[in-house]
Structures are given as structure tokens and as C-alpha cells.
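As C-alpha cells, the structure follows; a few thoughts come after it.
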Amino acid sequence: MLKIVKVKVENPAAFRFILDDDIYLLNTDKQGYVQTKSESITEPVTEPAAVAPPVAEEVKQPIAVPQPVIETPKPVFKYLGRNKQRFLILVNYADADFMQAEHLSALENTIKRKALTMEDVIVTNLAKYPGVTITELSAFFKPKKLLVLGQTAMPAAIAPLTLNQPETINGIPALLTFSFNEMMTNNDYKKAFWEQVKNF
């Protein structure tokens with residue numbers, strides 16, 4: 001015969017620790033058990049999902065595209081003479097390719113007195129090359145001597161030269177003297193010109 005023992009337990013959930021067998025609850029106890037059970041059940045705590053640190057966007061550096069080197073074209077000069085002695089004579093004639101015929105004849109007679117010919121010298125007209133520098137002229141003609149006939153025939157970027165006073169420019173003997181325009185009507189200029197040119 002089954003003997004029913006009524007045990008009063010404040011928390012019906014504790015029965016499972018006391019009895020190993022199946023437990024049957026009376027109807028009056030079922031309500032309390034269900035309520036207690038529901039109260040003891042707690043919602044599982046869900047931890048917030050770990051937020052991944054923001055991924056830094058890779059900063060793309062602009063790729064340097066090499067630019068082509070643009071070289072300034074070297075000037076090409078027209079000239080008279082063959083430059084055998086590398087004796088450069090600079091003139092300035094806006095109305096002629098090189099020199100007026102009368103002045104060219106006077107120049108040829110002058111260099112002949114120095115035992116030179118047009119084969120030995122070179123004449124270029126700077127009126128055709130405004131702004132040309134002494135560096136460009138030197139690179140092209142490679143002169144050993146430089147004769148400048150008149151202030152208007154002075155190239156750009158040259159150190160100041162004293163009239164009728166031989167000087168050295170970049171290791172080159174140089175002489176600034178009168179132009180033939182100035183000398184043709186002035187005998188004193190002709191004499192001063194010859195005094196300097198004959199020993200230059």
C-alpha cells in the first residue's frame with residue numbers, strides 16, 4: 001500500500017534535491033510550483049556582440065608620374081667666316097644679315113693688317129638674336145678671343161666691359177671697342193680702335 005507523506009517545503013523546486021524518484025504534485029501545489037519555477041527562470045544575459053574596431057581605410061598616395069624634361073633648344077647662329085683661330089667678332093646691324101658691305105670691307109682690311117683672314121675669324125650679327133647670352137655664344141663658337149664692336153653688340157649676361165680696355169670674361173680675352181657706324185666718320189675713334197685691336 002502506497003503511503004502518502006505530506007512534506008511541506010517552502011520552495012517546491014527543492015524536491016529534486018531531496019527525492020530521487022518522480023515527484024507527483026497535488027493540484028493545489030502545482031500552481032505554486034509553476035509560479036516559483038517561472039520566477040526562478042531568468043532570461044539569459046546576452047552580452048552585446050563585440051564591435052570590431054573600425055578598419056582604417058588605406059590612404060592611397062598619388063603615384064608620381066615622371067614628367068618629361070623639356071630642354072630648351074640651343075640657338076643656331078648664322079655667321080661669316082670659318083673660325084679657324086676661334087676669334088669671335090660680335091656686331092649689331094638691324095638692316096643687314098651680317099654687316100653693311102662698306103663696314104665688312106673695312107673689317108676685312110683691319111684683320112688683314114693682323115695677318116688674319118675671314119677664314120680665321122667668325123662674325124655674327126646679334127641684331128638677329130636678341131637676348132642671346134654670352135654662355136650660349138661661348139657654347140656654340142668656343143671662342144679663344146672675343147671682339148665686341150659697339151655697345152649694342154654686347155650679349156646678355158656678360159660682365160660689364162670697359163671701352164677700349166682688354167679684359168677677360170670667363171677665361172676668354174675680350175675687347176669692347178667702337179662700332180664701324182661710330183668709326184666711319186670719326187678718325188679719333190679709328191685710331192683708338194686700331195691701337196687696341198692691333199695687339200689683341
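Within the range 145-169, which residues are within 21 Å of residue 129 (Cα to Cα) and exposed (fewer than 15 other Cβ atoms within 10 Å of the Cβ)?
Looking only at the range 145-169, we keep the residues that are within 21 Å of residue 129 (Cα to Cα), and these are 145-161, 169.
Within the range 145-169, 151, 156, 157, 159, 160 meet the criteria.
Out of all the residues in the range 123-140, which are in contact (Cβ under 8 Å) with a residue 60 or more places away in the chain and either of a type in the set (Asp, Glu) or buried (at least 18 other Cβ atoms within 10 Å of the Cβ) (or both)?
Scanning the range 123-140 gives 136, 137.
Throughout, read-outs are computed from the coordinates displayed, never taken from laboratory work. This is a predicted model, so every value here is computed, not measured. Every residue, glycine as well, gets a Cβ built from its backbone with ideal geometry; the counts of neighbours run over all protein chains shown.
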